[in-house]
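Each remark here refers to the structure printed beneath this line.
Read-outs: derived from the displayed coordinates by stated rules, not from any lab. Being a predicted model, the structure only gives us computed values, none of them experimental. Note that each Cβ is placed from the backbone with ideal geometry, even for glycine, and that neighbours are counted across all protein chains shown.
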Amino acid sequence: MVDDFNPGAKRIVFIIDDEALMRDLYKDLLADCEVRTASSGNEAIEWLEKYPEAKIDLVVSDYDMPPGPNGVQTLKRIRVMRPGIKAVLVSATIIDDLQRLAQENGFDSWLVKPFSSVALEELVHRVLSKPTVPA
C-alpha cells in the first residue's frame with residue numbers, strides 16, 4: 001500500500017499481538033506495507049515513547065494480551081502520544097459485541113479472528129483511505 005502523499009513510500013502498520021505466529025502472519029499478509037510489531041501493549045507504548053517521531057499510519061491491536069493492558073487500554077495510552085492515530089481492534093476472544101466495543105473506544109474498525117487475507121487487506125486499505133480526523 002502506497003502513501004498517497006508520498007507515492008514512493010509504503011504505509012506503516014504497527015501490529016500489537018502477543019502471539020508471535022500472528023505477528024508473522026500479519027507481516028506476510030501485509031507485504032505491501034511496512035510492518036512494525038510489538039508483543040504487548042506495554043512494549044508498543046515503550047517503543048512509541050522511545051521513537052516519538054516515528055511515522056505510524058495504522059495501529060492493529062489484538063484485544064486480549066495478558067498479563068498487560070488489553071487492546072482498548074493500549075490504544076488509550078497510544079492516543080495520549082498520537083491523538084487521532086488510526087486503529088483497528090482484532091479479537092479471537094468471544095466478545096458479545098466487538099463492533100460496539102471498538103466504536104465506543106475510538107477504533108476505526110474491528111476484525112474477528114480467524115480472518116482471511118482478503119478481509120485483512122480490504123480492511124487495512126479502507127481504514128487507511130479514510131481521512132484522518134484531527135484529535
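Net charge of the neighbourhood of N42, taken over other residues with C-beta under 15 Å away and scored Lys/Arg +1, Asp/Glu -1, is -4.
For A92, the residues whose modelled amide H falls within less than 5 Å of its own, excluding neighbours fewer than 5 places apart on the same chain, are Y63, D64, K113. For log10 I(q)/I(0) by the Debye sum over Cα atoms at q = 0.15, 0.17, 0.18, 0.21 Å⁻¹, several values are listed as (1) -0.74, -0.90, -0.98, -1.23; (2) -0.62, -0.82, -0.93, -1.32; (3) -0.66, -0.88, -1.00, -1.44; flag the one computed from this structure. Checked against the structure: label (3).
Each of I12 and N105 was given a label point 7 Å from its Cα along the Cα-to-Cβ line. The distance between the two points is 2.4 nm.
Scalar couplings 3J(HN,Hα) for the range 43-54, obtained by applying the Karplus form with A = 6.51, B = -1.76, C = 1.60 to θ = phi - 60°, are 5, 4, 4, 4, 5, 5, 5, 6, 10, x, 8, 5 Hz; x denotes Gly and Pro. Note on E46 and S117: the model spin-label points, each 7 Å out from Cα along the C-beta direction, lie 3.3 nm apart.
Annotation for R126 and I95: the two label points, set 7 Å from Cα along the Cα-Cβ direction, are 1.7 nm apart.
Distance from the C-alpha centroid of the range 38-97 to that of the range 112-133: 16 Å, rounded to the whole angstrom.
For G68, neighbours were defined as the other residues whose beta-carbon sits under 9 Å from its Cβ, and their charges (Lys and Arg +1, Asp and Glu -1) total -2. Under 19 Å Cα-Cα from K76, which lysines qualify once same-chain neighbours fewer than 8 residues away are excluded? Cα-Cα hits under 19 Å: K50, K55, K86.
You can think of it this way: the chain between K76 and A54 has 6.1 nm of extra reach, that is 0.36 nm per residue less the Cα-Cα gap.
Ranked by the mean number of other Cβ atoms within 10 Å per residue, highest first, peptides 41-47, 93-99, 59-65, 22-28 order as 59-65, 41-47, 22-28, 93-99.
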